[in-house]
Every structure is written in structure tokens, then in C-alpha cells.
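Okay, so here's the structure we're looking at.
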Amino acid sequence: LGVASMHNSGMAAYDVAGVILWERPMLAASLLLGVPLIAMAIVLGLTRHGALAHGASAALLVLGICAVHFLGMASVVVLPEPG
């Protein structure tokens, strides 16, 4: 949840010449996919030992962060201000 909240609060802080709107279903998808993947990566990395387990943990972490980032970025719509 920390990764997702940091990412989304950073996106909300953008200073753009327009209004930022969030597509809630896409934002929910980023959280529902990314957070469990990141949690599984942490649990796997802390409970299993060996190169295979650590490689799988790293792969899950990358997938989770990518899910949070790319689905989160896709959930943002910027309506430009007139003029």
C-alpha cells in the first residue's frame, strides 16, 4: 500500500494547466493487481531462501510495481483549461 499511495499521491501533485480526473475503475485495478503482487513478493523473499525464490520474488515485485504504475497512469485524464 505504501508503494501505491506514494505513486498516486505523486501523480495527484502534478501541476498541470488543466484539471486532473481519475478513472476510478482503472485506479482500483491498479491497486487490486499491484498490491497483492508486491505483498507476495515480500512474503516470498522473506520466507524462502535460494536464488530461485529470490529471483521469483524480484520478478513479482517488478510486476507489482509495473501494475501500480502503468494502470495508475492510465487512470489519469487531464482536461486542459481553455486558453
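In the chain, the longest principal axis of the Cα atoms and the axis of helix 2-12 are about 20 degrees apart. Per-residue 3J(HN,Hα) values for region 43-59, derived from phi via the Karplus relation 6.51 cos²θ - 1.76 cosθ + 1.60 with θ = phi - 60°, read 4, 4, x, 8, 9, 10, 10, x, 5, 5, 5, 6, x, 5, 4, 5, 5 Hz in sequence order (x marks Gly and Pro). Between THR47 and MET6, the contour length at 0.36 nm per residue exceeds the alpha carbon distance by 12.2 nm.
Would you calculate, for the chain, the mean residue ellipticity at 222 nm contributed by helices, counting each DSSP H stretch of 4 or more residues as -39,500 (n - 2.57) and dividing by all residues, to the nearest 500?
Details: 3 runs with 51 residues, N = 83.
Helix-only estimate at 222 nm: -20500 deg cm²/dmol.
Would you please give the FRET efficiency between ALA28 and VAL62, computed as 1/(1 + (r/R0)^6) with r the Cβ-Cβ distance and R0 = 30 Å, to the nearest 0.05?
Values: r = 21 Å, r/R0 = 0.71.
For R0 = 30 Å, the calculated efficiency reads 0.90.
Just to confirm my numbers, what's the Cα centroid distance between region 57-83 and region 25-50 in Å? So the separation of the two Cα centres works out to 15 Å. Here, region 34-83 has an Rg and a Dmax of 16.2, 59 Å when only alpha carbons are counted.
3J(HN,Hα) couplings calculated from phi for region 68-77 with the Karplus curve 6.51 cos²θ - 1.76 cosθ + 1.60 (θ = phi - 60°) are, in sequence order, 4, 5, 6, 5, x, 5, 5, 7, 9, 10 Hz; Gly and Pro show x.
Where a number appears in this text, it was derived from the coordinates with a stated rule and is not lab data. Not measured: the values here are computed from a predicted model. As a convention, Cβ positions derive from the backbone with ideal geometry for all residues, glycine included, and neighbour counts pool all protein chains shown.
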